[in-house]
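Trainee: I'd like to ask you about the structure that follows.
The values are calculated or read from the model by the stated rules, or taken from the named source; none is laboratory data. This is a predicted model, so every value here is computed, not measured. Here the Cβ positions follow ideal geometry from the backbone for every residue, glycine too, while neighbour counts run over all protein chains shown.
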Amino acid sequence: MRKSQGTTEDYLVAGRDVPAWLTALSSAATNNSGFMFIGLIGFAYRFGVQAVWLQIGWIVGDVVLWAAVHRRVRERSGEVGASSVPTLIAGGRAVAVVAGVLTFAFLGSYAGAQLQAGSAALHSLFGWDMAVGAVLGAVIVVTYCFSGGLRASIWTDAAQALVMLVAMACLLVVALVATGGPAGLVDALAQQDPALVQWVPDDLAFGFGLYLLGFVFGGLGAVGQPHILIRSMAIESPEAITRARRVYFAWYVPFSAAVVLVGLASRVLLPDLTAGVSPDHVAKAAELALPKLSLALLPDALVGVMLAGLFAATMST
């Protein structure tokens, strides 16, 4: 796995010999995009503990995919020799072409959102032009992906997964200390707005079940994301999926919990982040909670670690 074999299959699916632990970390990093550092923290800032349901739903959907889909993807791709998701699902050239066009169009937009997330952080921290972060991230990703193919992407993803976890853990510890621990965090949220510690929204038109089910389908949506499925196609064997699943969720669950807690802490420590902002721009203002909180709580070196974590999330996706 460490050395390129110089073949097309090696370039596209890393020779189908990726160890389970490496597949797990790569899948975790590529699945958890810049949204976790920007969007989810902003969501928790605005809606409080209700953000927990979003992550629970996504995790449940993801569990279903790891139990029912990923192993079959590896088996079938090996049987037919498919080296890409469009090739795997194609019944003919027309289907492959349509799948390729859709992938390019929609994942191109998704990639643009990742670059925007990194740009927003750089703009908030250093006042840089938004274009700088986008260009910087794009150049780095294109360079290592085109140079080494999926093998290079998987190795960098694994490193980025560790950076993401360490960065979020550092900010979480400092933020919890600043809020007086979990109990202090909950008390401060309740004092600021009781709705922030209300687990279920009042205005659910179709009840809590469908509310949660919507988030579960969000987790199931990974089945339509080729950049995630390709990792399953590259794993060393179908049997290794089970081991990869354990490592994946051992990383994903703590990371998700840390992200939500940081979002809640940012609401307590930066209560005026959205003050005076027009309703149309409240969400965008809340999404700057992480870089603003980092500047407020962390020394410069750890702000750099947090920025590295954010860029790791965006580039791995």
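Trainee: Against the definition (among the hydroxyl-bearing types (Ser, Thr, Tyr), buried (at least 18 other Cβ atoms within 10 Å of the Cβ) and either over 28 Å from residue 150 (Cβ atoms) or in contact with a strand residue (DSSP E or B) (Cβ under 8 Å, 6 or more places away or on another chain) (or both)), how does residue 294 come out, yes or no?
Mentor: On the way: among the hydroxyl-bearing types (Ser, Thr, Tyr): yes; buried (at least 18 other Cβ atoms within 10 Å of the Cβ): yes; either over 28 Å from residue 150 (Cβ atoms) or in contact with a strand residue (DSSP E or B) (Cβ under 8 Å, 6 or more places away or on another chain) (or both): yes.
Judged against the criteria, residue 294 is a match.
Trainee: Next up: Scan segment 218-238 and tell me whether some residue there is surrounded by fewer than 18 Cβ atoms within 10 Å (Cβ to Cβ), more than 20 Å from the chain's Cα centre (by Cα) and within 30 Å of residue 15 (Cβ to Cβ).
Mentor: So far as segment 218-238 goes, yes, one or more of its residues are surrounded by fewer than 18 Cβ atoms within 10 Å (Cβ to Cβ), more than 20 Å from the chain's Cα centre (by Cα) and within 30 Å of residue 15 (Cβ to Cβ).
Trainee: Would you point out which residue out of 229, 297, 270, 261 is out of contact with any Gly (no Cβ under 9 Å at 6 or more places or on another chain) and closer than 29 Å to residue 104 by Cβ?
Mentor: Numbers: 297 fails: closer than 29 Å to residue 104 by Cβ; 270 fails: closer than 29 Å to residue 104 by Cβ; 261 fails: closer than 29 Å to residue 104 by Cβ.
Residue meeting the stated conditions: 229.
Trainee: Could you go through segment 101-111 and let me know if any residue there is at pLDDT 80 or above, of a type in the set (S, T, N, Q), surrounded by fewer than 22 Cβ atoms within 10 Å (Cβ to Cβ) and touching a helix residue (DSSP H, G or I) at 6+ places or on another chain (Cβ under 6 Å).
Mentor: For segment 101-111, residues at pLDDT 80 or above, of a type in the set (S, T, N, Q), surrounded by fewer than 22 Cβ atoms within 10 Å (Cβ to Cβ) and touching a helix residue (DSSP H, G or I) at 6+ places or on another chain (Cβ under 6 Å): present.
Trainee: Regarding residue 176, is this residue surrounded by fewer than 19 Cβ atoms within 10 Å (Cβ to Cβ) and in contact (Cβ under 8 Å) with a residue 24 or more places away in the chain? Write out each step before concluding.
Mentor: On the way: surrounded by fewer than 19 Cβ atoms within 10 Å (Cβ to Cβ): yes; in contact (Cβ under 8 Å) with a residue 24 or more places away in the chain: yes.
It is true that residue 176 is surrounded by fewer than 19 Cβ atoms within 10 Å (Cβ to Cβ) and in contact (Cβ under 8 Å) with a residue 24 or more places away in the chain.
Trainee: Could you tell me whether any residue of segment 182-191 is out of contact with any strand residue (DSSP E or B) (no Cβ under 7 Å at 6 or more places or on another chain), part of a helix (DSSP H, G or I), at pLDDT below 90 and more than 30 Å from residue 78 (Cα to Cα)?
Mentor: Of segment 182-191, the ones out of contact with any strand residue (DSSP E or B) (no Cβ under 7 Å at 6 or more places or on another chain) are 182-191.
Pick out the ones that are also part of a helix (DSSP H, G or I) and you get 182-191.
From what's left, at pLDDT below 90: none.
No, segment 182-191 contains no residue that is out of contact with any strand residue (DSSP E or B) (no Cβ under 7 Å at 6 or more places or on another chain), part of a helix (DSSP H, G or I), at pLDDT below 90 and more than 30 Å from residue 78 (Cα to Cα).
Trainee: OK, next. Considering each of 51, 14, 67 in turn, give the residue that is at positive phi and hydrophobic (A, V, I, L, M, F, W, C). Write out each step before concluding.
Mentor: Values: 51 fails: at positive phi; 67 fails: at positive phi.
Residue meeting the stated conditions: 14.
Trainee: For segment 31-69, what are the residues that are part of a helix (DSSP H, G or I), surrounded by fewer than 23 Cβ atoms within 10 Å (Cβ to Cβ) and of a type in the set (Val, Ile, Thr)?
Mentor: 49, 52, 56, 59, 60, 63, 64
Trainee: Within segment 236-244, does at least one residue satisfy the condition of being at pLDDT below 90 and among the β-branched types (Val, Ile, Thr)? It would help to see each step written out before you state the result.
Mentor: Here is the first cut: in segment 236-244, the ones at pLDDT below 90 are none.
Scanning segment 236-244, I find no residue that is at pLDDT below 90 and among the β-branched types (Val, Ile, Thr), so the answer is no.
Trainee: Can you pull out the residues in segment 192-211 that are modelled with pLDDT of 90 or more and buried (at least 16 other Cβ atoms within 10 Å of the Cβ)?
Mentor: The answer is 196, 197.
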